[in-house]
1. If each DSSP helix of 4+ residues adds -39,500 (n - 2.57) and the sum is divided by the residues in chain A, what number results at 222 nm, nearest 500 deg cm²/dmol?
2. Per 0.36 nm of contour for each residue apart, how much would the distance between D:Q512 and D:T498 grow if the chain were fully extended, relative to their Cα-Cα spacing?
3. Report the chymotrypsin sites (Phe, Trp or Tyr not before Pro) located in region B:61-94 that are in a DSSP loop and have at most 14 other Cβ atoms inside 10 Å of their Cβ, or state none.
4. Assigning unit charges at the beta carbon (Lys, Arg +1; Asp, Glu -1) and nothing else, what dipole magnitude in debye, to the nearest 20, does chain D show about its Cα centre?
5. Using unit Cβ charges (K, R positive; D, E negative) and no other charged atoms, how large, in debye to the nearest 20, is the dipole of region D:407-546 about its Cα centre?
6. Can you pull the one-decimal nm distance between simple spin-label points at C:E49 and A:L4, each 7 Å off the Cα toward Cβ?
7. Is the C-alpha gyration tensor of region D:79-124 telling us rounded, prolate or oblate? Criteria: a/c under 1.5 is rounded; beyond that, a/b larger than b/c is prolate, otherwise oblate.
8. Testing the spin-label approximation: label points 7 Å from Cα along Cα→Cβ at A:L39 and A:E300. State their distance in nm.
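Laboratory data are not the source of any read-out in this text; all were calculated from the coordinates shown. Just so you know, these numbers come straight off a predicted model, no measurement behind them. Here Cβ is always computed from backbone atoms with ideal geometry, including for glycine, and neighbour counts include all displayed protein chains.
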Amino acid sequence: MYPLGASTFVPGVENAFVFILGIAFFFLIGITAVIIYFLFKYNKKRHPKPAHIEGNNTLEVIWTVIPLLLVMGMFYYGYVAWIPMKRIPDEGIHITANARMWSFSFTYEDGRVTDKLYVPKDTAIILNLNARDVLHSLYIPAFRVKEDMVPGLTDNRMWFQANNTGTFTIFCAEYCGLQHALMYTDLVVMEPEEFWEWYADTTALAPVIPEDANLALLGRQVVESKGCIACHSLDGTVVIGPSFLGKFGDPVRVITAGEEREILYDEEYVRRSIYDPDYDITVGFRPGQMLSYEGEVSEEEVSLIIEFLRSLNE
Amino acid sequence: MSEEKTHIVPYKTQIVVLIVLLILTALSVAVTQLEFGSYNTLVAMLLAGAKSVLVLAFFMHLKYEKKLFPVMVAAVMVIFLLVLFVTFFDYSYR
Amino acid sequence: MTIHRDDLGDKFGMWLFIFTELLLFGMLFVVYAVYRSMHPEAFRIAAEELDVALGTINTVLLLISSLTVAMSITAIQKGNKQRALQLLGVTLLIAIIFLVNKYFEWGAKFEYGFYPGSEVLQELGFGTILFFGLYFFMTGIHALHILIGIGLFIYVIVQMKNDKIHQTDYVWLENTGLYWHLVDLIWIFLFPLFYLIH
Amino acid sequence: MTDNTRQKQPSFLEYQGRYKGILGWILSTDHKRIGLLYLYTMLFFFSVAAILGILMKTQLLAPGETIMGPQTYNSFFTLHGIIMIFIIVVPGLPAVFGNFFLPIMIGAKDVAFPRLNLLSWWVYIIGILIVLTSQFTGGGPPDTGWTFYAPYSFQTPTNVLPAVFGAFVMGFSSILTGINFVVTIHRLRAPGMSWLKMPLFPWTLYGTAWIQILATPVIGITLLLIVAERMLGIGFFDPALGGDPILYQHLFWIYSHPAVYIMILPAMGVISEIIPVFSKKSIFGYRAIVLSTMAIAFVGYFVWGHHMFTSGMSGRALFTFSFLTFLVAIPSAIKVFNWVATMHKGSLHLHTPFFWAVSFLFVFMVGGLTGLVLGALATNVHLHDTHFVVAHFHFIVFGGTGFAFMGAIHYWFPKMFGRMYDAKWANLGWGIFFIGFLSLYLPMFYLGMMGMPRRYYDYLPEFHGPNILSSLGAWVMISGILIIFANLIRSARSGPRTSEKNPWGGKTLEWQVDTPPTLENYDEIPRVDETPYDYRDYTGIDNPNN
Ligand code: HEA
Ligand code: HEA
Ligand code: CUA
Ligand SMILES: [Cu+2]
């Protein structure tokens, strides 16, 4: 009935579910049946004269103690299945998961940054959770794990170990503003050999741009994969930030250090907008919305973005 | 309904209470000059607690009120302390 | 409709209201406890910026004012309106002095640049920011209560002058007194927690 | 003013006081009129929020943007949540039926502080107005969700301040009502009515009032902190200044979990009134129900952390909160068993209020038992912030409090308005409503288990199927509610008049006073020497109107 389980936590969680839901269904169906039975049996037509009963202490004790034992059982199952989630091993692959409005990115030990999470099967993956702006939450339904990403909270970690290959969805489960619903990405679980091959492939780290590549198209991919379009539309509508459409090369009114001025929307301006967005605030917008992409968007990528923006003008 | 008889607290009692309160205040200021390490806060809180009991009992007439009132005050304090305590299940073990 | 007089009921209501106030401040104490447990050192150092002498004076003032309200109740119970009024006058005066003191205390802090959002604070680190945030917020809310108390005292004095509050009907005075003692109670805890950390 | 003659007093509906017309209502200190004022206000805002709910469900009919974009959806669930929680279900039963019936049921002429009571309605209205201004001014409707989680709540450019401040003001109204009820119950019970002779609805109001007094200040100060954070940048919850966003969640839930018991306890009280009356049998285990009420009120104070299992709290805290959560389920279980046992060997009269009570039992069990699933650590980690939670709380808030509310209004309607509603339409409305309810919310459990997070205006195609069913259910349910409301409103204005004091054969005091009650309820305060649910004298022969 639910997404295929694909991590080592799944059996424990499943046990807890079965135990709790089993008892729940037992009581729900049982009590409902009794009520319906009473509705017929003690209907005023069949049972005009009610009995007088004020209570029964033995019964009260019974139906206090039995549910008490049962809920302690539920507590126990929930607890034991949760212990392994909290026991984070040291051995494994450490990856830093970054969240910002409204995209995830993952930094591997060798410094490479991806927007999807690639992991090998049967290996402990330890995620170091980081949030730039507000609360987010990393949720992998198929793995039954979820943990909030809290800005400012250090040493916030989660871990899992996949036992099936395939592509799964990572959702952001904590409400984080406008595009919260679109903040999801893929988790790709590979066979270990495959993963290490991918990991060793450094071209992914610094892509070599072929001579004849369409730079604007590559730029568009960057803008999409870095989540810029969450705030900057390509069609002229204002979402959170100004639209990218048809601006490049035109003058733009900005506020710099409290002074309004007019500058040119040029390469320099775009670069500064990406690395130090609060330096020039476009008139009509608020500082602090866009956070710096220093370290997340490389110089090459900025050039590609610029090519893309230029192309939007044509 | 003024059937409950009122208890008049004599001036003298009140003045004595104030003097004790002032002594306790002086004590808590003096104590900070000493070094108790982490017990410092404890001592300060104990002194503050003693002071608040005095204020509650005499100035706020709890000592002379129906039993219900002090019981309620105590219950509220217990709830508050339990909330504080439970909160620290998080912060002490992060 | 016949309105029953139920002094005990009125006092009961006042106590319940006091409970809400206690919990309101209680939660601020929770915030305080949490941040102090995170930054014990910073709190200790920041506390040294506060003026213990001024704090002590304010404590003594509030304690004395508590006494004068309590005594004014005794006075009215004994039917001594004149003395009750005098005592209330003293209380009112003390409350105002307290606020004046607070004004100078806060003013000094502002002068040195210790206020929420100031640059001086930014440089001193998280613990200090939080300490002063709490200091201003908690003493601020407390001062607000003092203001409300002053309003209540003025009302009670006027009513007493007009003999609306008298020997057999003084529940307004009692409740105002209760409120004032609450303000005192809170201060009894604020004082060591902010001024006397060592 | 009364001259103590025996002459009959006017009914509270007709009474002409100092003010005439509408002023005679909005300035009346009569607890019954105030109760009705709350009722009308709530019905109005309930309709507004219900429409928002329906629109959200329509948006979720298919993936992608069907009728609204994300900004609209986000502000819709925020306003929906704020209205439903702060304006409807938290004050809900106490403010409407508590005000109307508490004094009558304990044999008093009014509440302890009638003027304070009117004041709290006004404060409530002012709070609502402040919340509403948030919709039309500043940076647009707030979009934080009713939980106002930091740091988003002070970073969003939308107009959060008035919403937060309005909720803060409404807190005062809640506190004033709570204080009023506690004092009323302590001081104004009729002679002879000892604590254990008090009916159960007043008992639950008593428990509720204590939670209102002891928990509401917490939300008050928390919301005030958010205001300070937004305006002054004080830094308590701002990680950039060393604040801890999780502390905000603690403070918020220290109120908001007890608040869910503010919502449900009076509902349980209503059910405890309805079931014995229509079973013609004494409530089973009166003392157990009283005890469990107080136990819920107390233990409910310490389980707030179960809303924060994945927030980054310490493991030890998770353990403690999960454990306490399970403890608080026990008193609810006790009540359910007692209600069912009350029906055993009774003589069941199947009238509309009883339908609502029985269906309450069912939806409450579903809601409560799924609460247990959420209370267990491992399962919560998977289900937290998914539609499973949404289903849980609609089942228990809407199902629990909402059904009890509907039961209450059908139960007390003749007494309140001196008119009777049409039972056929009422039953039909109930049936449609119930079916719609199940098909609206049951699929959400499944969606949650599949992993669909909440507060999503758009979803992946794999979640489509159940969402269709759920959205259609919303429309079925709204048809039911339209029938019910139309029937009630028509009947309140032009239904057949009745002055029958006791149409259902109830034993509690409100059935001994005139219909509709007179201005002062009683000419003479009655003496109460019996327990409130003694049906030994019931002969098996029905009241003619029954
Ligand atoms: C009382 C509480 C209550 C009630 C009645 C409802 C009623 C409805 N709810 Fe609501 N809902 C909430 C409380 C409630 N909700 C809360 C707290 C949230 C969370 C917000 C957040 O995330 O911040 C939420 C969120 C929420 C979502 C957002 C899910 C998400 O994406 O996260 C959706 C989506 O469809 C939804 C749907 C509906 C629908 C279709 C209705 C209704 O429109 C159904 C139609 C209504 C009726 C048919 C009338 C029933 C009659 C009565 C109840 C009796 C009258 C009672 C009184 C006057 C007191 N609700
Ligand atoms: C009226 C309001 C109300 C009530 C009464 C409850 C009652 C309960 N709630 Fe619920 N809850 C909410 C309103 C309510 N809740 C809301 C609004 C939210 C979401 C807020 C938000 O995030 O927006 C929420 C969220 C919520 C969560 C957090 C989910 C998450 O976000 O991760 C949890 C977790 O533990 C929980 C648990 C419980 C439990 C264990 C009970 C128990 O008290 C239930 C007890 C009842 C029973 C157990 C059923 C009856 C008993 C039987 C049929 C007998 C058999 C029983 C046994 C064998 C034990 N609730
Ligand atoms: Cu990020 Cu929701
Ligand atoms: Cu809860």
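1. Helix contribution divided over all residues of chain A: -11500 deg cm²/dmol.
2. 3.6 nm
3. Passing both the DSSP loop test and the Cβ count: B:Y93.
4. Approximately 980 debye in magnitude.
5. Dipole magnitude for region D:407-546 comes out near 560 debye.
6. Modelled inter-label distance: 6.0 nm.
7. Verdict is oblate for region D:79-124.
8. Distance between label points: 7.0 nm.
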